[in-house]
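Read the structure below first, then the notes.
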Amino acid sequence: MGNKLFTPLQLGAYTLKNRIVMAPLTRMRATPGTLSPNDLNVEYYHQRASAGLIITEASQISPIGMGYPLTPGIYTNEQVAGWKKVTDAVHAEGGKIFIQLWHVGRVSHSSLHPAEGLPVAPSEVAAAGMTLTSTFEQVPFETPRAITLEEIKQTIADYRKAAENALAAGFDGVELHAANGYLLHEFMHETSNKRTDEYGGSVENKARITLEVLDILVDTLGSDKVGIRLSPFAYPYGEYDANSYPVYEYLVEKLNSYKLAYLHLIRYRQGEIEAVESKEEKLWKSYTGNIIAADGFTAEDAAEYVKSGKADAIAFGRNFIANPDLPKRMELEVELNVYDRDTFYGGAEKGYTDYPFLK
Ligand SMILES: Cc1cc2nc3c(=O)[nH]c(=O)nc-3n(C[C@H](O)[C@H](O)[C@H](O)COP(=O)(O)O)c2cc1C
């Protein structure tokens with residue numbers, strides 16, 4: 001039996017050439033000032049076009065949705081023009097590319113959006129740990145401002161504009177970032193969501209904003225060009241509370257009716273929270289569409305996951321940073337370049353576009 005990783009996959013509107021997905025990877029190398037993709041970013045994505053699907057680095061939908069220095073946006077014409085060069089370069093190689101749409105919520109700092117002031121979040125609860133200012137200085141998180149109902153409406157409108165911009169920039173689709181402790185995820189956990197209005201309290205209320213945004217994206221692009229990313233077993237920058245788990249169950253159940261291109265799940269990582277493996281399996285099985293799985297996969301366990309039907313495709317993060325030709329290397333079973341953590345975030349070519357291809 002051949003390795004299914006290297007077989008095509010029908011994912012929503014598209015047939016992917018293989019099941020190796022480039023995971024969304026923040027690299028903080030957009031153009032200072034405009035936060036638009038530049039020629040170096042074009043080269044980086046072009047180098048990785050042999051992936052079955054590229055999911056771009058998370059890209060903010062609005063100035064206040066930004067949480068780290070030099071992450072790209074998808075809310076100005078200049079940003080759209082920059083992204084168009086990226087999508088053209090990937091398409092020229094027969095690749096497919098979705099943009100990950102991002103609002104960071106409280107995982108931010110006011111220096112990154114001086115006109116908007118403090119970051120917004122479901123409630124006035126600060127994220128845990130340290131963050132970076134616009135000048136890459138390490139500081140503790142600020143206590144965010146609770147987002148108003150009016151601002152929630154505006155945020156949903158910002159997602160619509162971002163989805164329209166994604167189409168104008170030539171993207172094949174969008175991935176809604178509802179994972180990893182950012183705005184939509186903050187609504188799912190009661191440690192960060194103390195609201196008493198229709199966006200807090202019950203399971204339905206904690207999932208409401210995510211589904212409202214999803215409705216807008218589906219309306220703008222069609223369900224077969226929209227994916228969503230969830231991380232049900234981890235809550236970075238915050239305190240994981242077990243009461244959030246039913247929110248994920250509810251969401252996954254709801255997602256079945258959306259017929260999205262895919263559900264992107266970050267799998268359970270040993271040691272993060274207790275005894276969830278059986279829950280993970282249940283959640284996984286309750287979804288009827290395509291699943292992309294991510295987190296710590298090797299070529300071997302990726303092949304196993306896909307073969308067993310646990311997932312339809314596998315996303316690789318760090319290995320795609322260091323191996324522009326990752327699918328080829330995996331197919332030939334050759335050694336991988338080793339990634340350099342020091343150059344993950346910020347900088348220029350080094351650790352970005354200078355990892356060698358196989359000779
Ligand atoms: C440098 C870096 C940047 C990342 N940026 C994002 C991001 O923008 N959006 C996101 O959903 N996940 C992000 N992640 C998580 C990755 O998508 C992926 O889930 C993680 O790296 C685990 O997969 P891996 O073991 O194959 O690297 C990032 C991870 C790394 C290492």
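A short reminder: the numbers here are calculations on the coordinates, not readings from a lab. Note that this is a predicted model, so its numbers are computed, not measured. Cβ sites come from the backbone with ideal geometry, for glycine too, and all protein chains shown count toward neighbours.
Using Cβ point charges alone (K and R +1, D and E -1), the dipole size of the stretch 16-65 about the Cα centre works out to roughly 220 debye. Would you kindly calculate the translational diffusion coefficient of the stretch 1-65, applying Stokes-Einstein with the Kirkwood radius from alpha carbon pairs, for 37 °C and a viscosity of 0.692 mPa s, and quote it in µm² s⁻¹ without decimals? It comes out at roughly 238 µm²/s.
Set the Förster radius R0 to 25 Å, insert the Cβ-Cβ distance between SER202 and GLU164 as r into 1/(1 + (r/R0)^6), and round the FRET efficiency to 0.05.
Working: r = 32 Å, r/R0 = 1.27.
Calculated value: 0.20.
Expressed as a whole percent, how much of the Cα-Cα distance distribution for the stretch 162-321 exceeds 21 Å? In whole percent, the long-distance tail amounts to 47. Rounded to the nearest 20 debye, the dipole magnitude of the stretch 19-144 is 400 debye, with +1 charges on Lys and Arg beta carbons, -1 on Asp and Glu beta carbons, and the Cα centre as origin. Roughly how many Å is it from the Cα centre of the stretch 1-44 to that of the stretch 213-257, as a whole number? If you average the Cα positions of each part, the centres end up 21 Å apart.
The label point for GLU151 and the one for THR135, both projected 7 Å from the Cα toward the Cβ, are 2.6 nm apart.
Straight-line cross-link partners of LYS285 among the lysines, defined as a Cα under 28 Å from its Cα and at least 8 positions apart when in the same chain: LYS4, LYS17, LYS96, LYS206, LYS225, LYS254, LYS259, LYS307, LYS310. Taken about its Cα centre, the chain carries a charge dipole of roughly 640 debye when the Cβ of each Lys and Arg holds +1 and the Cβ of each Asp and Glu holds -1.
For a quick check: sort SER50, SER134, SER231 by the number of other beta carbons within 10 angstrom, fewest at the front. All intermediate terms of the calculation are to be shown ahead of the outcome.
On the way: SER50 20, SER134 16, SER231 25.
Lowest count first: SER134, SER50, SER231.
Taking the charge dipole of the stretch 78-210 about its Cα centre, with +1 at Lys and Arg Cβ atoms and -1 at Asp and Glu Cβ atoms, the residue from ALA126, TRP102, VAL90 reaching farthest to the positive side is VAL90.
Which value at 222 nm does the chain reach when only helices count, each DSSP H run of 4 or more adding -39,500 (n - 2.57), with the total divided by all residues and rounded to the nearest 500 deg cm²/dmol?
Details: 10 runs with 112 residues, N = 359.
Result for the chain, helices only: -9500 deg cm²/dmol.
In the stretch 29-71, one over the average inverse separation of all distinct C-alpha pairs is 11.5 Å, which is the Kirkwood hydrodynamic radius.
Plugging the Kirkwood radius over Cα pairs into Stokes-Einstein for the stretch 4-343, at a temperature of 10 °C and a viscosity of 1.306 mPa s, what D comes out in µm²/s?
Details: Rh = 20.0 Å.
Roughly 79 µm²/s, to the nearest whole number.
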